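Participant: My questions all concern the structure below.
The values are calculated or read from the model by the stated rules, or taken from the named source; none is laboratory data. Every value quoted in this text rests on a predicted model; they were computed, and no experiment measured them. Cβ coordinates were reconstructed from backbone atoms using ideal geometry, including for glycine residues, and neighbour counts include every protein chain displayed. Calculation scope for accessible area: heavy atoms of the full protein, side chains included, ligands and nucleic acids excluded. Shrake-Rupley method; radii C 1.70, N 1.55, O 1.52, S 1.80 Å.
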Amino acid sequence: MRSRVVKVLLGGRLPYGVGLQLQKALSEHHHKRLSETANTLVLLEHEPVYTVGIRNKGYTEEDERKLRNLGAEFWKTNRGGLITFHGPGQLVAYPVLDLKQFHTSVRWYVHEVERMVIRVCAELGIKAETSPDTGVWVGDRKICAIGVHGSRYVTTHGLALNCNTDLKWFDHIVPCGIEGKGVTSISKELDMDVTVADVLPIFRNAFSDQFECELIDYPLGEASQLLRNARRSMLQV
């Protein structure tokens, strides 16, 4: 029996701001030691949104307005990495972990996330790999974006794996600031419709093995309360 426990919180489809508030609340559980099993893996999809990290390359108000006019939100965040898109058909995972219970290295953590996603792709019959650029790639096409933040070894943000995402959203940006490279999805690589729901069980198993932990589902009542609080906090921002 694995001694490390990570709770899985299935968020469904959420606005990006609600996802941020949820991560904030869960990271505070660690910092305030509110729960012995505070390690949480949040799995969700987002409504269409463009996000930039701490290296935002100076997106102007005009740039933001153009992207918002496409029907997406625009958010500046404290994660690593440059601009990317999140939306329906994309499995977004926010592991909120205390790395002191795993390995006290953010570099190690990012490497393990990459290996875990490569494993998910392999199980689906896709040969993915890392490159000098961040994320996980199939050739010169990014299939998974990775951008994390660490505060006193508590992780927030995470990864976005394209399952059956509408890739046209990426046409309006230079994804992650990397010129001359494209994006892809599991569905595109396999030439069949593969949904987030199809990928979820494979992803959960790979995460459990890669991080040597036992995954247990958040009790429904607790999960619902966390989501309600996150929505309420979002309205107050």
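Participant: Considering Lys57, Lys32, Lys24, which residue is surrounded by fewer than 17 Cβ atoms within 10 Å (Cβ to Cβ), at pLDDT below 95 and within 16 Å of the chain's Cα centre (by Cα)? If you could, list the steps in order and put the result at the bottom.
Facilitator: Details: Lys57 fails: within 16 Å of the chain's Cα centre (by Cα); Lys32 fails: within 16 Å of the chain's Cα centre (by Cα).
Criteria check complete, one pass: Lys24.
Participant: May I ask you to list the residues in the stretch 74-119 that are over 20 Å from Thr60 (Cα atoms) and touching a Lys or Arg at 6+ places or on another chain (Cβ under 7 Å)?
Facilitator: Those that are over 20 Å from Thr60 (Cα atoms) and touching a Lys or Arg at 6+ places or on another chain (Cβ under 7 Å): Pro88, Gln101.
Participant: (1) in contact with a His (Cβ under 9 Å, 6 or more places away or on another chain); (2) among the basic types (Lys, Arg); (3) at negative phi: which one isn't true of Arg152, the others all being true?
Facilitator: Result: Arg152 fails condition (3) only.
Participant: Please verify whether Gly81 is of a type outside the set (Val, Ile, Thr), modelled with pLDDT of 90 or more and within 19 Å of Gly19 (Cα to Cα), treating the condition exactly as stated. Working first, answer last.
Facilitator: On the way: of a type outside the set (Val, Ile, Thr): yes; modelled with pLDDT of 90 or more: no; within 19 Å of Gly19 (Cα to Cα): yes.
No: the conditions fail for Gly81.
Participant: Okay, next question. Taking the stretch 132-164, which residues are outside any strand (DSSP E or B), open to solvent by 40 Å² or more (accessible area, probe 1.4 Å) and closer than 16 Å to Gly182 by Cβ?
Facilitator: Keep residues of the stretch 132-164 that are outside any strand (DSSP E or B), which gives 132-135, 139-140, 152-153, 163-164.
So of that shortlist, the ones also open to solvent by 40 Å² or more (accessible area, probe 1.4 Å) come out as 132-134, 139-140, 152-153, 164.
Within the stretch 132-164, Asp133, Thr134, Gly139, Asp140 meet the criteria.
Participant: If I filter the stretch 192-204 for residues that are polar (S, T, N, Q), open to solvent by less than 50 Å² (accessible area, probe 1.4 Å) and within 21 Å of Pro48 (Cβ to Cβ), do I get at least one hit?
Facilitator: Yes, the stretch 192-204 contains a residue that is polar (S, T, N, Q), open to solvent by less than 50 Å² (accessible area, probe 1.4 Å) and within 21 Å of Pro48 (Cβ to Cβ).
Participant: Now for a different question. Say whether the condition of being open to solvent by 30 Å² or more (accessible area, probe 1.4 Å) and not in a strand (DSSP E or B) is met by at least one residue in the stretch 86-93. Walk me through it before giving the result.
Facilitator: Of all residues in the stretch 86-93, those open to solvent by 30 Å² or more (accessible area, probe 1.4 Å) come to 88.
Adding the requirement that they be not in a strand (DSSP E or B) leaves 88.
Taking every residue of the stretch 86-93 in turn, at least one turns out to be open to solvent by 30 Å² or more (accessible area, probe 1.4 Å) and not in a strand (DSSP E or B).
Participant: Name, by its number, the condition in (1) in a helix (DSSP H, G or I); (2) under 20 Å from Glu114 (Cβ atoms); (3) out of contact with any helix residue (DSSP H, G or I) (no Cβ under 8 Å at 6 or more places or on another chain); (4) open to solvent by 40 Å² or more (accessible area, probe 1.4 Å) that does not hold for Asp209.
Facilitator: Result: Asp209 fails condition (3) only.
Participant: Just one of the numbered conditions (1) without any contact (Cβ under 8 Å) to a residue 24 or more places away in the chain; (2) over 16 Å from Asn39 (Cβ atoms) is not true of His103; which one?
Facilitator: (2)
Participant: Determine, yes or no, whether Trp75 is modelled with pLDDT under 95 and surrounded by fewer than 23 Cβ atoms within 10 Å (Cβ to Cβ). I'd like the intermediate steps shown before the answer.
Facilitator: Details: modelled with pLDDT under 95: yes; surrounded by fewer than 23 Cβ atoms within 10 Å (Cβ to Cβ): yes.
So Trp75 fits the description; yes.
Participant: If I go through the stretch 68-97 residue by residue, how many of them are closer than 15 Å to Val42 by Cβ and among the charged types (D, E, K, R)?
Facilitator: The total comes to 1.
Participant: Identify the residue in the stretch 60-71 that is in contact with a strand residue (DSSP E or B) (Cβ under 8 Å, 6 or more places away or on another chain) and surrounded by fewer than 20 Cβ atoms within 10 Å (Cβ to Cβ) and, among all such residues, is modelled with the highest pLDDT. If you could, list the steps in order and put the result at the bottom.
Facilitator: The first filter runs over the stretch 60-71 and keeps only residues in contact with a strand residue (DSSP E or B) (Cβ under 8 Å, 6 or more places away or on another chain), leaving 64, 67-68.
Keeping just the survivors that are surrounded by fewer than 20 Cβ atoms within 10 Å (Cβ to Cβ) gives 64, 68.
Details: Glu64: 85, Arg68: 92.
Step by step, filter the stretch 60-71, then rank; the result is Arg68.
Participant: Here is a follow-up. Has the stretch 111-123 got any residue that is open to solvent by 10 Å² or more (accessible area, probe 1.4 Å) and of a type in the set (Val, Ile, Thr)? Before the answer, list the steps.
Facilitator: Going residue by residue through the stretch 111-123, those that are open to solvent by 10 Å² or more (accessible area, probe 1.4 Å) are 111-112, 114-115, 118-119, 122-123.
Keeping just the survivors that are of a type in the set (Val, Ile, Thr) gives 118.
Yes: the stretch 111-123 contains one or more residues that are open to solvent by 10 Å² or more (accessible area, probe 1.4 Å) and of a type in the set (Val, Ile, Thr).
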